[in-house]
1. Mind checking which pairs have a first residue in region 69-91 that is farther than 11 Å from R13 by Cα and in contact (Cβ under 8 Å) with a residue 60 or more places away in the chain and a second that is of a type in the set (A, V, I, L, M, F, W, C) and surrounded by 16 or more Cβ atoms within 10 Å (Cβ to Cβ), Cβ under 8 Å, 6 or more apart or different chains?
2. Out of region 74-94, which residues are of a type in the set (S, T, N, Q) and in contact with an Asp or Glu (Cβ under 7 Å, 6 or more places away or on another chain)?
3. Any chance you could count how many residues in region 30-61 are more than 23 Å from V171 (Cα to Cα) and either basic (K, R) or in contact with a strand residue (DSSP E or B) (Cβ under 9 Å, 6 or more places away or on another chain) (or both)?
4. Output the residues belonging to region 177-211 that are in a loop (DSSP other than H, G, I, E, B) and buried (at least 19 other Cβ atoms within 10 Å of the Cβ).
5. Would region 576-586 turn up any residue that is closer than 18 Å to P478 by Cα and either outside the structural domain of L479 (by TED's automatic domain parsing) or buried (at least 16 other Cβ atoms within 10 Å of the Cβ) (or both)?
6. Check L270, L276, L294 and return the single one that is touching a Ser or Thr at 6+ places or on another chain (Cβ under 7 Å), under 23 Å from L345 (Cα atoms) and hydrophobic (A, V, I, L, M, F, W, C).
7. Among the listed residues E571, E547, which satisfies the condition of being under 30 Å from R501 (Cα atoms), of a type outside the set (A, V, I, L, M) and touching a residue at least 12 places away in the same chain (Cβ under 8 Å)?
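The values are calculated or read from the model by the stated rules, or taken from the named source; none is laboratory data. It should be emphasised that the depicted structure is a prediction, and the values quoted were computed from it without experimental measurement. Cβ sites come from the backbone with ideal geometry, for glycine too, and all protein chains shown count toward neighbours.
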Amino acid sequence: MSHVVLARKYRPRSFDQMVGQEHVVQALSNALSSGRLHHAYLFTGTRGIGKTTVSRILAKSLNCIGTDGRGGVTPRPCGQCQACTEIDADRYIDYIELDAASNRSIDEIRDLIERAAYKPSVGRYKVFMIDEAHQLTKDAFNALLKTLEEPPEYLKFVLATTDPEKMLPTVLSRCLQFNLRPMAPEVIQAHLAEVLQSEAVACDAPALRLLARAARGSMRDALSLTDQAIAYGAGTLTEAGVRGMLGVVDRLHAARLVAALGRRDGAEVLAVVDELRANGLSASGTLEEMALVLQQMAVEQAVPGALDQQDAQAQQAVELAQAVPADETQLLYSIVVHGRAELALLSDEYAALIMVLLRMLAFPPAVPETPTGSRSAALAVTPTHARATAVAQPGRQAVSVAKPARATAQPHEVPPWVTDELPDDATAGGMSRSLEAAVEAERPPEPTPSVKHGTDPTADTPLVTTPWGDRWESLVRPLGQTGTIGALVRELAWQAQPLGRDEGTPGMTWRLRVERESLRSPSVRDKLEAALCEAYPDERPVRLLVEPGMAEDSLALRDEAARRAAQREAERIIESDPQVRALLLQFGTARLVTGSIKPTQEPGIPTS
């Protein structure tokens, strides 16, 4: 007797033998038991999960006559009558399977409709099964619609597809739809163990785990891979043999990479990649295995003890979960998952793998570890005086508190001297006395005004202002605010330093110093002259004498100084705000991100 592959030999022949699709089995079994039969069924799902198998079992249930020849429609076909045996052998005259991938035109559908006009030859029902139904042409679908909507009482349609989105809505609305789900690796592994036990094939659990993962939810693929693994291992399934057959990266390599990235050890990362290259192991498989390790680490960090304690690989993930912070685990998982798509962009996939792995090292901790081992949080607060936006570092915790709001804290974040949350009236001055005293003790001293008028409080060099600059500002700033001049002309007015005005000539003659050559062009100068003449008709004619040189007093420099002063004032307000100080004390690992603070109003060149 010739060898029968496992996928065919162990194909379910009844609903009781189906695994992983209990929701479909229960619905169909109840419908068959109660006699509530639909005229058209649609089974959707990925390859190898049982769409055709369910169709054949349904056809047997509709046509089974039992071992005594007197049975009726049943959810448990006998498997011995003529209908059951011939459907299993794919030679039952009243069960017709049409592969729409190769028979998709209107001619095949017309032939099917003509055959639907005849009653069943030997069975109770005639069952037409159209596989990959989404590949039918639009004309074929339209030809099928009438028969699909009102078929004869003896005719049942079964459609199967891997892509229901390509089906016509008019077809979907006429079918009872069942979505077959990809099977979990644990379900596949358990079924493979039963199959191999029946086949008397020695195997170990890690080998079956690898096969179940490689099947990606498809039981047919799992059985086909098992056949291949039996041949590869000469009748025995071992983890090393299956790993070699699949080209799967050893968990040890993935764990070493995760540990090295957690330590930020770039040299170890490169060494592991060199080993992968030397052994010919897949770069994509490396990232996939790393993703599985990181997923287990994240589960352990979120729910300690949730992993299988008997699984050695799970124990390895538990150890890594204790060495790598939870936020870095999430960041590394995201980089690894998205990095798989980048491997095909380079001819050398290992070079691409190195770039994906080293990307993690490009995100160092923004702040050092605290003595308790937790990372500092980024804090930005919004009081009434200024607008502050929280800017969190990638993967870091961010605490944002809106104006005025009650502060909440996690128990482990409360400093030793604070035992309760802030009271509801804390923002109105009703905070506890102990907390208020601590705030006052930690309040920074008020800065002493020591900067003279007209200087930049944050710059090393004071801003030089001149009377001519004041007079020039009174002339041109209204032009920019009203939008009467264009961007380039406005730039000339703002970047120019007025050196003086000639009072001995009629009209108005200004001498300007401008650094940028493009702004000294005659056309730009003429436009500014025309704008000043229009704005100040009593001062006509207006002449501008432009010379090269670096400006020391200009509207642009004044506005920049004002913006810096406003920024510093906003930061001072935030830093000295009682609520901010209270939060910084209450959350011991919090810090203030000054770059996220913005003044309510920023002075500067008006925009057109």
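1. Listed pairs, sorted by first residue: P75/F15; P75/L28; P75/L32.
2. Keep residues of region 74-94 that are of a type in the set (S, T, N, Q), which gives 74, 80, 82, 85.
Within region 74-94, none qualify.
3. 1
4. Those that are in a loop (DSSP other than H, G, I, E, B) and buried (at least 19 other Cβ atoms within 10 Å of the Cβ): L180, M183.
5. no
6. Details: L270 fails: touching a Ser or Thr at 6+ places or on another chain (Cβ under 7 Å); L294 fails: under 23 Å from L345 (Cα atoms).
None of the others qualify; the one that does is L276.
7. Criteria check complete, one pass: E547.
Here's the yes/no breakdown for (1) surrounded by fewer than 19 Cβ atoms within 10 Å (Cβ to Cβ); (2) under 22 Å from V5 (Cβ atoms); (3) not aliphatic (A, V, I, L, M):
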{"site": "A214", "(1), (2), (3)": "no, yes, no"}
{"site": "S224", "(1), (2), (3)": "yes, yes, yes"}
{"site": "L237", "(1), (2), (3)": "no, yes, no"}
{"site": "D265", "(1), (2), (3)": "yes, no, yes"}
{"site": "V269", "(1), (2), (3)": "no, no, no"}
{"site": "G280", "(1), (2), (3)": "yes, no, yes"}
{"site": "S284", "(1), (2), (3)": "yes, no, yes"}
